[in-house]
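Right, one structure below, let's go through it.
The values are calculated or read from the model by the stated rules, or taken from the named source; none is laboratory data. Note that the structure is predicted; figures quoted are calculated from it, not measured. Glycine gets a Cβ as well: all are built from the backbone with ideal geometry, and neighbour counts include every protein chain shown. Ligands, DNA and RNA are stripped out before the accessible areas are found, and what is left, the full protein with its side chains, is counted by its heavy atoms. Shrake-Rupley method; radii C 1.70, N 1.55, O 1.52, S 1.80 Å.
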Amino acid sequence: MTPKEKLFSTLRHEPQSEAPWVPFAGVHAGKLLGYDATEVLTDADKLFASLMEVNRLYKPDGQPVVFDLQLEAECLGCELVWAKEGPPSVKTHPLFDENDPEDRVVPCDCTIPDANQGRIPLVLDVMRRMKAAAGDETALYGLICGPFTLASHLRGNDIFMDMYDDEDYVRDLLAYAAKVAKTMAGYYVEAGMDVIAIVDPLISQISTDHFRQFMTDPFTEIFDAIRDLGAFSSFFVCGDATRNIAVMCETGPDSIGIDENINMAEAKTITDRYNVALGGNIPLTTLMLHGNQQDNMKFTVELLDMFADKTNLIISPGCDMPYATPVENAIGVAQAVHQTNQVREMVKNYQRAEMDLSQVVLPDYEHLERPLVEVFTLDSETCAACTYMWGAATGMKARFGAEIDLVEYKFTVKENIPRIVKMGVQQLPSIYVNGKLVYSSLIPSREAFDRVVREALTTTSK
Amino acid sequence: MTSIYLITGFLGAGKTTAVNRLSACFKDRKIGVIVNEYGRTGVDSENILSGQVTEITNGSIFCACRADQFDDALGRMLALTPDVILVEASGLSNPASIDAVLRRRPDNEMFIFRGVVCLIDAPRLHKVIDTALVVPKQIDAADLLVINKADLVSKEDLKTLTADLSRRRPDVPLLTTAFADIPCEAVCNLKRIRPAGADGAAHSQDLTLRKALITFQPGTLEPTELKALVAVLAAASWRVKGRVTHPDGRMTDVDAVGEQIRFSEADEGRPQNHLIVLWGTGQAAARMLRSLPEQMPAVLRIDYGS
């Protein structure tokens, strides 16, 4: 059986004795050849060469061709901010007018990107080249920005308000975003992609009721369309979406991808009920970026050993691998997947170094001069859920000004990790006010957040 | 071999005058003209002698969504083997994709693309460049910049404007004119200088553009009411255009670009009761239109587009 067939068999839910391995090397692929993130996302030759290097070094059963959730938004006129070590982020939201937030516009279908727009031709070109060069052995993933994340890119943080204030608008905008996703899926399948992954990190930031109300229909429609195109499908989410795993399964994907914010064993009991494959969830930052090779091997072996039955199981990073992930860490994971018994033997006496928390000094929350809002994110510049959580916080700061203090702690900054551990932060992104958790993986509406901050203003000691 | 020229510029910059002027430059040649102005009703057709006009309505040349219409119009025009084709782009369109659109035509050996002339509205540029996303894109795609209506600004303002534009595009010629009086040699010698590959690659939609069609109850709006309404709407939008029939049966054509408002009595054509309003993010038209049906009983309905 070729590596590709092994993954296909898992996606067909056939009994397995081994789990396939899908490294999500997006911008990280460029690091292997010394290209920065912007170069691999804008230069077809560099992207292709980098992906071939991923294929050679990490021996994947499946691999994505490009991991950039801003690609569709860019075609639709969102301005991007480019980075050297991460995918670009969205700077402007064309469907939001700050002078008139109630001007809620749904773009006409004539604006759905054609195959010549933005960076789509570049991506299709590289997909075709990857198909020819590696497609016989390796399953190729075409990644598409999920409708909710795309709607947020277009409308900005106000989409979370719109879900309360104008339900019809949100439904219409998501229907438009779903049409964009289906169109993109058509381009990607035609260019040879075997699996179409709908990547929608923001799904972790809404309640199950809101999922059923707004997401069930567009996602079901998208997965039906991918099935009609003859491809496999996946539904990627980031953040703590535990509450939404069941409703995600009900939309009919062949597989679901989760990150370390979700307990893999717990999630698999749910996905197994629906006979949906589950992929995940090697921690991106603590392990892949900041851990060493043995940490990565040990984690992977333990992850595999959690499941006696490997049916419907895929091993992958929690999401797009950090750009600077040391090569040996991903190789370690690959080895642990492919030669589990040997690696289990190699790391059986290995103990991970304990984290030193003694140097972390937390603020004296009982004696603050003014309310302190701390936002703990993976990285607001590269993770969409974090971008919009941080957006909610900076919006609040703009309204309250000097009355409150606001700070972001990014998990991707190594020095912040002990602080995040000491604070006991369980999920990213989270918002704490005066040291107390108020929002965990749930982006607050403007009104609710303002209420919390006003309350803190009355209780904070002066 | 047909020479193709593209005339761009924001609404009201003087593109139509420029097309008429340029067609005179080629008066001994066989000229074809493709115009594309939202809501235009063929006003300039008769001015183009021995020319051929194709209008693309309800679309935007080089907005990807209407590229097919432009392709068809160009194909029909090329079949007539003119020496020159002047293309007037929509004032709201981003011309960045023109090279890509032309290059992928199967008949691309029948023509040579001579370049983009971009008209700049001297009195309004500083206002629109920050609010209308397409304006900087139009300037960036130009091979010749023409500061038009220079007679309407002070010498000092003109100097600042010229300096700003030269800084932004030091690589292209910059002319200053009034009434789009462009010297023929500037255009006859035009050469497409934009490097290949820089075009179209990142072409994107502009979702910040909004449009609405106001429909009035037939024959209910008095001329004074119409004028008051248009004055308010024009100040809050890029463009207001349409025709309204009054209670006494007379008809008024409206054509407003920002503060330049033109009302003219229409003596022929079909009675209509519509105004098209085009605006962008940051302008107050949407807010105004939301409350309009309540304030003005003559309004039958408002349809929004995007």
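Residue-wise test of (1) within 23 Å of the chain's Cα centre (by Cα); (2) not in a loop (DSSP other than H, G, I, E, B).
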position: A:LEU51; (1), (2): yes, yes
position: A:VAL54; (1), (2): yes, yes
position: A:PRO60; (1), (2): yes, no
position: A:CYS78; (1), (2): yes, no
position: A:GLY86; (1), (2): yes, no
position: A:LYS131; (1), (2): no, yes
position: A:GLU137; (1), (2): no, no
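Out of (1) touching a His at 6+ places or on another chain (Cβ under 8 Å); (2) more than 23 Å from A:ASN116 (Cβ to Cβ), the odd one out for B:ASN94 is which?
(2)
Determine whether the stretch A:320-327 contains at least one residue that is in a helix (DSSP H, G or I) and open to solvent by less than 20 Å² (accessible area, probe 1.4 Å).
No, the conditions are met nowhere in the stretch A:320-327.
Out of the residues in the stretch A:1-30 meeting the condition of being of a type in the set (D, E, K, R) and out of contact with any helix residue (DSSP H, G or I) (no Cβ under 8 Å at 6 or more places or on another chain), tell me which one is most open to solvent (accessible area, probe 1.4 Å).
If we take residues in the stretch A:1-30 being of a type in the set (D, E, K, R) and out of contact with any helix residue (DSSP H, G or I) (no Cβ under 8 Å at 6 or more places or on another chain), then A:ARG12 is most open to solvent (accessible area, probe 1.4 Å).
What about A:ARG104, is it surrounded by 18 or more Cβ atoms within 10 Å (Cβ to Cβ), within 14 Å of chain B (Cβ to nearest Cβ) and under 17 Å from A:LEU154 (Cβ atoms)?
yes
Tally the residues that are in contact (Cβ under 8 Å) with a residue 60 or more places away in the chain and open to solvent by 30 Å² or more (accessible area, probe 1.4 Å), restricting the search to the stretch A:53-83.
Summing the residues that are in contact (Cβ under 8 Å) with a residue 60 or more places away in the chain and open to solvent by 30 Å² or more (accessible area, probe 1.4 Å) in the stretch A:53-83 gives 5.
Please pick out the residue among A:SER358, A:SER316 that is open to solvent by 40 Å² or more (accessible area, probe 1.4 Å), among the small types (Gly, Ala, Ser) and either in contact with a strand residue (DSSP E or B) (Cβ under 9 Å, 6 or more places away or on another chain) or outside the structural domain of A:SER233 (by TED's automatic domain parsing) (or both).
Answer to the selection: A:SER358.
Quick check on this structure: which one of B:ARG105, B:ARG169, B:ARG124, B:ARG76 is open to solvent by less than 60 Å² (accessible area, probe 1.4 Å) and farther than 29 Å from A:GLU79 by Cβ?
Every option except B:ARG105 fails the conditions.
Quick check: is even one residue across the stretch A:155-165 among the hydrophobic types (A, V, I, L, M, F, W, C) and either surrounded by fewer than 24 Cβ atoms within 10 Å (Cβ to Cβ) or farther than 22 Å from A:ILE206 by Cα (or both)?
Yes, that holds for at least one residue.
From the list B:GLY282, B:GLY269, B:GLY249, which residue is over 18 Å from the mean Cα position of the chain (by Cα), modelled with pLDDT under 95 and within 14 Å of chain A (Cβ to nearest Cβ)?
B:GLY282
So, in the stretch A:409-438, of the ones that are out of contact with any Phe, Trp or Tyr (no Cβ under 6 Å at 6 or more places or on another chain) and assigned to a strand (DSSP E or B), which residue ends up surrounded by the fewest Cβ atoms within 10 Å (Cβ to Cβ)?
So, considering only residues that are out of contact with any Phe, Trp or Tyr (no Cβ under 6 Å at 6 or more places or on another chain) and assigned to a strand (DSSP E or B), the one surrounded by the fewest Cβ atoms within 10 Å (Cβ to Cβ) is A:LYS436.
A quick yes/no check of all residues on (1) touching a Lys or Arg at 6+ places or on another chain (Cβ under 9 Å); (2) open to solvent by 20 Å² or more (accessible area, probe 1.4 Å); (3) more than 24 Å from A:SER440 (Cα to Cα); (4) in the same structural domain as A:ALA448 (by TED's automatic domain parsing):
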residue: A:TYR176; (1), (2), (3), (4): no, no, yes, no
residue: A:LYS182; (1), (2), (3), (4): no, yes, yes, no
residue: A:ALA191; (1), (2), (3), (4): yes, no, yes, no
residue: A:ASN244; (1), (2), (3), (4): no, no, no, no
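Conditions (1) aromatic (Phe, Trp, Tyr); (2) within 14 Å of chain A (Cβ to nearest Cβ); (3) in contact with a Pro (Cβ under 9 Å, 6 or more places away or on another chain), marked per residue:
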residue	(1), (2), (3)
B:ARG243	no, no, yes
B:PHE263	yes, no, yes
B:ALA298	no, no, no
B:ILE302	no, yes, yes
